[in-house]
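Enquirer: Dumping the structure here so I can ask a few things about it.
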Amino acid sequence: MTFLITPRGFTAAEFAAYCSGLRWAKGWRPSFVTLHNTGAPNLAQWLHFGLGKAQGVQRVRNLNAYYQRLGWHSGPHLFVAPDFIWLACDLEADGVHASCFNRTSIGVEMVGDYASDAFDSGDGAKVRDNAVAAVAAIYGALRVKTDSLRFHRECLKDHHACPGAHVDKADFIARVAQAMGAAGAAA
C-alpha cells in the first residue's frame with residue numbers, strides 16, 4: 001500500500017523543494033503526469049468545510065479510505081486544492097488513477113468539477129495555479145518534456161471526460177512550461 005497515513009499539504013514552493021529530493025529508486029519511474037479533476041467533491045463541496053491543513057488532511061484521508069474500500073493498493077498521488085498541494089500517496093511508487101496510465105504516470109487530481117466549475121477565475125484559478133506549480137515541480141524532478149502531459153480522458157478505456165471541458169490542455173502545458181522556465185531562471 002502506498003497510501004500515506006498522514007497526507008501532507010504543501011505550498012507550491014514547499015512542494016518544489018520536496019520534489020527536488022525524489023529519486024524513484026524503488027523500481028518504478030513515471031514518464032509523465034496524468035491530470036484529473038475530482039468531480040466529487042466539486043469546489044463548493046470542498047470549500048464548504050473550509051480551507052486549511054486540518055480540514056485538508058481529513059478530506060484526503062477520507063478520499064484515501066474510499067479508494068482502500070475499493071480494494072486499490074493506492075490512489076491518485078496528489079490532490080490539488082486552492083490552498084495546498086496534497087500528497088496522498090507515495091510519489092515514488094505507482095498509483096491508481098487511470099487504467100491506461102497507472103504504471104507509467106503520476107496521478108494529479110485537481111479539486112473541482114471542471115465541466116461546470118470555473119477554471120480561469122476564483123478558487124478554480126487557484127487550483128489551476130497550484131496544479132501548474134505541482135506538475136512543473138514533478139517534471140523538473142523527472143526531467144521530462146511538458147508535452148508528455150496526459151488528460152484522463154485520453155485513456156479511452158475509462159470513458160471519462162476528466163479533467164473537464166473548462167481545462168484546455170495547450171494552455172495548461174504552456175503554463176507548466178512557463179513555470180519551469182521561471183524556476184530554471186531563478187536557479
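Enquirer: So, counting K/R as plus one and D/E as minus one, what does the shell of residues with Cβ under 14 Å around TYR66 add up to?
Expert: +2
Enquirer: Percent of accessible area on segment 1-54 owned by carbon and sulfur, 1.4 Å probe?
Expert: 60 percent
Enquirer: For segment 49-112, what's the relative contact order in percent, using C-alpha pairs closer than 8 Å and at least 6 residues apart?
Expert: The normalised contact order for segment 49-112 reaches 29 percent.
Enquirer: OK, next. For segment 14-115, what does the accessible surface come to per residue with a 1.4 Å probe? Please give it in Å².
Expert: Ligands and nucleic acids excluded, the figure is 40 Å² per residue.
Enquirer: In addition: Along the Cα→Cβ direction, 7 angstrom out, place labels at ALA44 and ARG103. What is the inter-label distance in nm?
Expert: Simple spin-label model gives 4.2 nm for this pair.
Enquirer: Would you mind getting me the FRET efficiency between TYR66 and ALA125? Use the beta-carbon distance for r and R0 = 25 Å, nearest 0.05.
Expert: 0.40
Enquirer: Also, quick follow-up: Quick one: which residues, 5+ away or cross-chain, put their amide H under 5 Å from the amide H of MET110? H built at 1.01 Å from N.
Expert: Residues meeting the criterion, in which the H sits 1.01 Å from N, are HIS36, ASN37, THR38, VAL80.
Enquirer: First select every other residue whose beta carbon is under 12 angstrom from the beta carbon of THR6; then total the charges, Lys and Arg +1, Asp and Glu -1.
Expert: +3
Enquirer: Further question: Any idea what the relative contact order of the chain is, in percent, if you count C-alpha pairs under 8 Å spaced at least 6 apart?
Expert: 30 percent
Enquirer: Another question, then. In vacuo Debye scattering of the chain, one point per C-alpha: log10 I(q)/I(0) at q = 0.13 Å⁻¹?
Expert: Once normalised to I(0) and log-transformed, intensities are -0.59.
Enquirer: Tell me, what is the 1.4 Å probe accessible area of ASP129, in Å² to the nearest 10?
Expert: Counting only protein heavy atoms, ASP129 exposes about 80 Å² to solvent.
Enquirer: Net charge near SER20: determine it from the other residues with C-beta under 13 Å of the C-beta of SER20, scoring Lys and Arg +1 and Asp and Glu -1.
Expert: Surrounding charge for SER20 is +1.
Enquirer: Note the full-extension length gain between SER31 and VAL144 as 0.36 nm times their separation in residues minus their Cα-Cα distance, in nm to one decimal.
Expert: Full extension of this stretch gives 40.0 nm more.
Enquirer: In nm, to one decimal, how far is the modelled label at SER20 from the one at ALA161, with both set 7 Å along Cα→Cβ?
Expert: Result for the modelled spin labels: 4.1 nm.
Enquirer: Cα-based count: Lys pairs in the chain below 21 Å, eight or more positions apart or different chains?
Expert: 4
The values are calculated or read from the model by the stated rules, or taken from the named source; none is laboratory data. It should be emphasised that the depicted structure is a prediction, and the values quoted were computed from it without experimental measurement. Here Cβ is always computed from backbone atoms with ideal geometry, including for glycine, and neighbour counts include all displayed protein chains. All accessible areas refer to the heavy atoms of the entire protein, side chains included, with ligands and DNA or RNA removed. Shrake-Rupley method; radii C 1.70, N 1.55, O 1.52, S 1.80 Å.
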